[in-house]
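Shown next, in structure tokens, is the structure this report addresses.
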Amino acid sequence: MDRSAGELTELLVRTAVADGGRKVSVHLADQGRQVLIVALSHQPVHEVADDAVLPELTRLGAVSCGTDTAEDGRRVWAVLDL
């Protein structure tokens, strides 16, 4: 389990860093027996979010995942069972 969380977090952070910003933030939340891991690029992206990372997140154990863009940058997230 710990390895999956680490690999998921690493991929989320690498994806956010690829946007070219100067900072990245990672947010964690838990509910029930699941954890939500979110990486935010803080780099304004004006195009549609690239969802090519989603199959890899699923392969790493995400039970749910997604990506979107907003004024504060790209958000990439994954939910993992604990």
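A short reminder: the numbers here are calculations on the coordinates, not readings from a lab. Treat the numbers as computed from the prediction; the structure is a model and nothing was measured. Glycine gets a Cβ as well: all are built from the backbone with ideal geometry, and neighbour counts include every protein chain shown.
Each residue of the range 66-80 was assigned a 3J(HN,Hα) from its phi angle through the Karplus expression (A = 6.51, B = -1.76, C = 1.60, θ = phi - 60°), giving x, 8, 8, 10, 8, 4, 8, x, 7, 10, 10, 9, 8, 10, 10 Hz with x at Gly and Pro. The H on the amide N of GLN34, modeled in the peptide plane, is under 5 Å from the matching H of LEU82, each at least 5 residues off or on a different chain. Between GLY61 and any residue 5 or more places off or on another chain, the built amide H atoms are never under 5 Å apart.
Dividing the mean sequence gap of close Cα pairs (under 8 Å, 6+ apart) by how many residues the chain holds gives a relative contact order of 33 percent. Of (1) 16.3; (2) 13.4; (3) 12.5, which one was derived for Kirkwood radius over Cα pairs in Å from the structure shown? It is the one labelled (3). Taking 0.36 nm per residue of separation and subtracting the Cα-Cα distance, full extension of the segment from GLU10 to VAL63 would add 17.4 nm.
Each peptide in 31-37, 51-57 receives the mean, over its residues, of other Cβ atoms within 10 Å, and ordering these scores from highest gives 51-57, 31-37. When each of the peptides 19-27, 7-15, 58-66 is scored by the mean number of other C-beta atoms lying within 10 Å of its residues, the order from highest to lowest reads 7-15, 58-66, 19-27.
If I fit a long axis through the Cα atoms of helix 2-17 and take the longest principal axis of the Cα atoms of the chain, what angle between them do I get, 0 to 90°, rounded to 10? With both axes taken from Cα atoms, the answer is about 10 degrees.
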